[in-house]
Amino acid sequence: MKFFSRLRLSALRHLWRPDVNARRFIFLYHRIASPEHDPFALAVGANQFQDHLDILRSHCRLVTLDELLDTNRATRSILASITFDDGYTDNLTTASPILRRAGIPATFFICTG
């Protein structure tokens, strides 16, 4: 997600045509944080994450992962779902409040054991 920006999105405008069959996208995140060291480039800052949500909201309908994967339901809308991997604490402390305030659903995959 480091390279997700308005400029790159505009280069993909052909994907956003409402006259074609429904498009479905999954946006995967790991961390919403600004750590001093991020050797695997897994983190996206809170402000940048908010920008991502604003851009997504302006181009598609953000839905639960279950709704996105339900291919029996016909729709002409562009659907997107947000997921988080690995269960970093900032998913709960930073990402979740941002998503809750915006009314956007997300799926969190938590490692156990």
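Each value in this text was obtained by applying a stated rule to the coordinates, not by laboratory testing. All figures in this text were calculated on a predicted structure; none of them were measured in a lab. Counting neighbours? That spans all protein chains shown, and the Cβs are built from the backbone with ideal geometry, glycine included.
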Exercise. Which one of Leu92, Leu53 is touching a helix residue (DSSP H, G or I) at 6+ places or on another chain (Cβ under 8 Å) and of a type in the set (A, V, I, L, M, F, W, C)?
Worked result: Leu53
For this session: Pull up the stretch 97-113, narrow it to residues that are assigned to a helix (DSSP H, G or I) and touching a strand residue (DSSP E or B) at 6+ places or on another chain (Cβ under 9 Å), then point me to the one that is farthest from Phe84 (Cα to Cα).
Result: Ala102
Exercise. What are the residues in the stretch 77-92 that are in a loop (DSSP other than H, G, I, E, B) and over 12 Å from Arg24 (Cβ atoms), if any?
Worked result: Asp85, Asp86, Gly87, Tyr88
For this session: Sort out which residues of the stretch 63-91 are touching a residue at least 12 places away in the same chain (Cβ under 8 Å) and either closer than 17 Å to Ala43 by Cα or of a type in the set (Lys, Arg) (or both), and write them in order of number.
Result: Arg76, Ile82, Thr83, Phe84, Asp85, Asp86, Gly87, Tyr88, Asp90, Asn91
For this session: Say whether the condition of being in contact with a Leu (Cβ under 7 Å, 6 or more places away or on another chain) and not aliphatic (A, V, I, L, M) is met by at least one residue in the stretch 84-91.
Result: yes
Problem set entry | Scan of the stretch 26-45 for residues that are part of a loop (DSSP other than H, G, I, E, B) and closer than 16 Å to Ile110 by Cα, ordered by number | His30, Leu42
Exercise. Restricting the first residue to the stretch 23-42 and requiring it to be over 15 Å from Ile98 (Cβ atoms), which pairs with a second residue that is of a type in the set (S, T, N, Q) and surrounded by 17 or more Cβ atoms within 10 Å (Cβ to Cβ) meet a Cβ separation below 6 Å and a spacing of at least six or different chains?
Worked result: Ile26/Ser81
Seminar exercise, completed: If we ask which residues in the stretch 72-113 are surrounded by fewer than 18 Cβ atoms within 10 Å (Cβ to Cβ) and either under 24 Å from Arg61 (Cβ atoms) or within 12 Å of the chain's Cα centre (by Cα) (or both), their number turns out to be 20
